[in-house]
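Undergrad: What follows is a structure written as structure tokens; I'll ask about it next.
The values are calculated or read from the model by the stated rules, or taken from the named source; none is laboratory data. Here the structure is a predicted model, which is why all the values come from computation and not from measurement. Every residue, glycine among them, receives a Cβ derived from its backbone with ideal geometry; neighbour counts consider all protein chains shown. For accessibility, only protein heavy atoms count, side chains too; no ligands or nucleic acids. Shrake-Rupley method; radii C 1.70, N 1.55, O 1.52, S 1.80 Å.
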Amino acid sequence: MDKKKIPVSAGRIAVKVDDLTVAYNYKPVLWDIDLEIPEGVLMAIVGPNGAGKSTLIKSILGILKPIAGSVSIYNQPYEKQRSLVAYVPQKGSVDWDFPTTALDVVMMGTYGSLGWIKRPGQKEKKAALEALEKVGMLPFKGRQISQLSGGQQQRIFLARALVQNASIYFMDEPFQGVDATTEIAIINILKELRKAGKTVIVVHHDLQTVPEYFDWVTFLNVKKIATGPVKDIFNDDNLTKTYGINYKVSIQE
Amino acid sequence: MDVTEYIKLVFTDYTLRTITLGTAILGAVCGMLGSFAVLRKQSLLGDAISHAALPGITIAFLITGAKDSNILLLGALLSGLVGTFWIRGIISKTHLKSDTALGLILSLFFGFGMLLLTFIQKQPNANQAGLDKYLFGQAATLVESDVWLMAIVTSICLFVLLLFWKEFKILLFDADYTKTLGFNTKFIDILITTFIVLAIVLGLQTVGVVLMSAMLLAPAAAARQWTNRLGTMVIIAALFGAFSGVFGTAISASQNNLSTGPVIVIVAGFFVLISFIFSPSRGLLFKQIRFIKNRRDLQLHKTLSFMYHIAETHEDITHPHTIKILNNFQGYTKGTLQKLADKHYVTLSDGNWSLTEEGFKTASNLYNQQNDNNE
Ligand SMILES: Nc1ncnc2c1ncn2[C@@H]1O[C@H](COP(=O)(O)OP(=O)(O)OP(=O)(O)O)[C@@H](O)[C@H]1O
Ligand SMILES: [Mg+2]
């Protein structure tokens, strides 16, 4: 239903990527990516392992330096618009044995708006507690983060991004290793964000749930294969182009 | 020499007081900064930096011909920094792994430093004697001005640490994320690394190039065992470091001429050992005790839940049942039954048992994870 509410022509462009090329070594892992993401969509980035999905997000966010290309957020360079953007990294990217609590990690989401030196106070703590509540992790607020399950750690990361109160959310595999109930809880939060007019970009692996969860999709495999509304472009043709001829077998597994 | 006498001596004897104070401050600052090195998984970095400082010392001596420790340490600081930034450069510009880069710089600089040191020792210059104290350290050569230098650097370090606490913490935990929040991660990173280099250079005279990294790592590794908060960890590490300095000095002073640096390191190592065994949450001992206790509790709980399922079938949950029906049940022994009675989960009366309200409630919540979440 809400797919119809966002006609492409009417919406503003939230994220615009121009001619982005990224290489770690010699061979580029992303080639000449052009991408326009309209405001207010819930978009999946799909592609096989090693397609460059994480790399794309990291280069958009300035974590990696591309060889060429530019990124703009609402028509301004990304550097000026950082405060509008929140990031949920892949869970495995940090050391979960770090001596800190769940609440503390979520509070880190407020550091950006605090800026240098200033410490978080009551207001920030309240925001963090609310975010924990939203992801259903309030009872675990005092836990050392290594004593959380994988799905719980994932929800902590989500809460940390929610605290940033951004307009655009980039999430790298937020459903990795979570159970069916948590997956639904998370997707409901994402849909709520969309309802509030936010743009949510999610790296997603489960092709079967794409039509159900998302209204926008980008196919990626080193190059951009296609991008657009799920109902128009989520088809065999694009799946085959992205995953190769055998994608049907992998779906059936 | 007994303890009170020694303590009196620490306050009256100039040399002993200087050394004790110096090693305590050194231990504290190393513990503080070592926490960061340990949490960043850069344990080898300290080793590489301290070894990289050696050529700086020798070159400073060759240029000035003087043995003023401040000038030599300035040389050490410079070559330590050069080594550190080469390591960073190698890691970011080539495909070498960080341990390879660290090992490479460590041996290259140390080799070069040793080369210069032997070259200097072959010279007729009488001044050169004692330059090799920087290899293993010689706390006895500390003078009051050295201690002042340590105190000043430590205070600056503490000030910066408190000022940028939030930034340090988030960078240590998640560097990529920190970048997306708009913080200049390079600046924070360089700040931390520079202070680690400073602490190492400060310790060279006392502990020496070879053992310096242990000073940095041991107190921090020990402290990690006792807490799950970064702030507490840094404080405990500083305390462990300071105590290592004080005890190490005391042991070496009372055992006539035991070299101070190695003794301090051994004391720090002792803290590590104690911590790994006796820490309540992560230590080996309590882990084992908890394991045994859990296994015992499990038997108790199994019996309780077995009773619960029997009692459930009755309208009155406290209805008495004969003990005999428990006999076939695996977890049941006379001991477990008695323990359940002691906990007021059941009441016993001539051959019969009956569940209490409390026991019923406990049993029904037994597998409910949410229960113990609010610790
Ligand atoms: N730090 C790195 N150094 C060198 N090559 C890298 C690095 N990180 C990723 N690559 C390579 O870049 C390519 C894209 O990686 P990326 O992590 O973006 O893939 P992905 O689409 O996120 O995969 P996955 O689904 O497994 O998460 C891969 O071929 C990978 O081997
Ligand atoms: Mg990835």
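Undergrad: Say whether the condition of being more than 29 Å from residue A:117 (Cα to Cα), in contact with a Pro (Cβ under 7 Å, 6 or more places away or on another chain), part of a helix (DSSP H, G or I) and small (Gly, Ala, Ser) is met by at least one residue in the stretch B:139-148.
TA: No, the stretch B:139-148 has no match at all.
Undergrad: Considering only residues that are outside any strand (DSSP E or B), at pLDDT 80 or above and closer than 21 Å to residue B:313 by Cβ, look in the stretch B:341-358 and name the one that is nearest to the other protein chains (Cβ to nearest Cβ).
TA: By that ranking, first place goes to B:358.
Undergrad: Same structure again: Before we move on, is residue A:94 more than 16 Å from ligand 2 (Cβ to nearest atom), of a type in the set (A, V, I, L, M, F, W, C) and under 30 Å from residue B:282 (Cβ atoms)?
TA: No.
Undergrad: I've got another one for you. Got at least one residue in the stretch B:172-181 being in contact (Cβ under 8 Å) with a residue 40 or more places away in the chain and away from every other protein chain (no Cβ under 12 Å)? Walk me through how you get there before you give the answer.
TA: The first filter runs over the stretch B:172-181 and keeps only residues in contact (Cβ under 8 Å) with a residue 40 or more places away in the chain, leaving B:172.
Filter once more, keeping what is away from every other protein chain (no Cβ under 12 Å): none.
No, there is no match, as no residue in the stretch B:172-181 is in contact (Cβ under 8 Å) with a residue 40 or more places away in the chain and away from every other protein chain (no Cβ under 12 Å).
Undergrad: Can we say residue B:83 is at pLDDT 90 or above, assigned to a helix (DSSP H, G or I) and open to solvent by less than 10 Å² (accessible area, probe 1.4 Å)?
TA: Considered against the rule, which asks whether it is at pLDDT 90 or above, assigned to a helix (DSSP H, G or I) and open to solvent by less than 10 Å² (accessible area, probe 1.4 Å), residue B:83 comes out as yes.
Undergrad: So in the stretch A:55-76, with the set limited to residues that are open to solvent by 30 Å² or more (accessible area, probe 1.4 Å) and at negative phi, which one is farthest from ligand 1 (Cβ to nearest atom)?
TA: A:76
Undergrad: Another question, then. What number of residues within the stretch A:30-49 satisfy the criterion of being within 11 Å of ligand 2 (Cβ to nearest atom) and either within 14 Å of chain B (Cβ to nearest Cβ) or more than 18 Å from residue A:217 (Cα to Cα) (or both)?
TA: Residues meeting the conditions: 0.
For (1) over 26 Å from the mean Cα position of the chain (by Cα); (2) open to solvent by less than 60 Å² (accessible area, probe 1.4 Å); (3) not polar (S, T, N, Q), each residue gets a yes or a no:
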| residue | (1), (2), (3) |
| --- | --- |
| B:3 | yes, no, yes |
| B:9 | yes, no, yes |
| B:21 | no, no, yes |
| B:24 | no, yes, yes |
| B:27 | no, yes, yes |
| B:32 | no, yes, yes |
| B:37 | no, yes, yes |
| B:43 | no, yes, no |
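Undergrad: Quick one: in the stretch A:155-177, which of the residues that are within 16 Å of ligand 1 (Cβ to nearest atom) and either crowded, with 17+ Cβ neighbours inside 10 Å or at pLDDT 95 or above (or both) is nearest to residue A:137 (Cα to Cα)?
TA: Going through the qualifying residues, I end up with A:157.
Undergrad: Being aromatic (Phe, Trp, Tyr), in contact with a Leu (Cβ under 8 Å, 6 or more places away or on another chain) and away from ligand 2 (no atom under 16 Å from the Cβ): is that true of residue A:140 here?
TA: Taking the combined requirement at face value, the residue satisfies it.
Undergrad: A further question on this structure: Could you list, in sequence order, the residues of the stretch A:80-106 that are assigned to a helix (DSSP H, G or I) and either at pLDDT below 90 or more than 9 Å from chain B (Cβ to nearest Cβ) (or both)?
TA: Of the residues in the stretch A:80-106, the ones assigned to a helix (DSSP H, G or I) are A:80-84, A:91-93, A:102-106.
The answer is A:80, A:81, A:84, A:91, A:92, A:93, A:102, A:103, A:106.
Undergrad: Here are some residues: A:186, A:145. Which one is more than 20 Å from the chain's Cα centre (by Cα), of a type in the set (Val, Ile, Thr) and either within 16 Å of ligand 1 (Cβ to nearest atom) or crowded, with 21+ Cβ neighbours inside 10 Å (or both)? Step through it out loud before you land on a result.
TA: Working: A:186 fails: more than 20 Å from the chain's Cα centre (by Cα).
Matching residue, one of A:186, A:145: A:145.
Undergrad: Right, next: Among all residue pairs at least 6 apart or on different chains, which show Cβ distances below 6 Å where the first residue, located in the stretch B:317-343, is closer than 12 Å to residue B:307 by Cα and the second is of a type outside the set (A, V, I, L, M, F, W, C) and at pLDDT below 75?
TA: B:326/B:332
Undergrad: Now for a different question. Going by what's in this entry, would residue B:239 be described as under 30 Å from residue B:7 (Cβ atoms), without any contact (Cβ under 8 Å) to a residue 12 or more places away in the chain and either in a helix (DSSP H, G or I) or in the same structural domain as residue B:162 (by TED's automatic domain parsing) (or both)?
TA: No; evaluated as a whole, the condition is false for this residue.
Undergrad: Between a residue in the stretch B:1-28 that is closer than 18 Å to residue B:202 by Cβ and any residue that is assigned to a helix (DSSP H, G or I) and of a type in the set (D, E, K, R), which pairs come within a Cβ distance under 6 Å, given they are 6 or more apart or on different chains?
TA: B:18/B:144
Undergrad: Of everything in the stretch B:254-305, what is among the β-branched types (Val, Ile, Thr), open to solvent by 60 Å² or more (accessible area, probe 1.4 Å) and closer than 24 Å to residue B:24 by Cα? Give them in sequence order.
TA: B:266
Undergrad: Oh, and also: Would you point out the residue of the stretch A:189-206, among those that are within 16 Å of ligand 2 (Cβ to nearest atom) and open to solvent by 20 Å² or more (accessible area, probe 1.4 Å), that is nearest to the other protein chains (Cβ to nearest Cβ)?
TA: Ranking the candidates gives A:205 first.
Undergrad: While we're here: Considering only the stretch B:288-316, state which residues are in contact (Cβ under 8 Å) with a residue 24 or more places away in the chain and aliphatic (A, V, I, L, M).
TA: B:298, B:300, B:304, B:307, B:311 - these are the residues of the stretch B:288-316 that are in contact (Cβ under 8 Å) with a residue 24 or more places away in the chain and aliphatic (A, V, I, L, M).
Undergrad: How many residues are part of a helix (DSSP H, G or I) and out of contact with any strand residue (DSSP E or B) (no Cβ under 8 Å at 6 or more places or on another chain) when one looks only at the stretch A:163-199?
TA: Residues meeting the conditions: 13.
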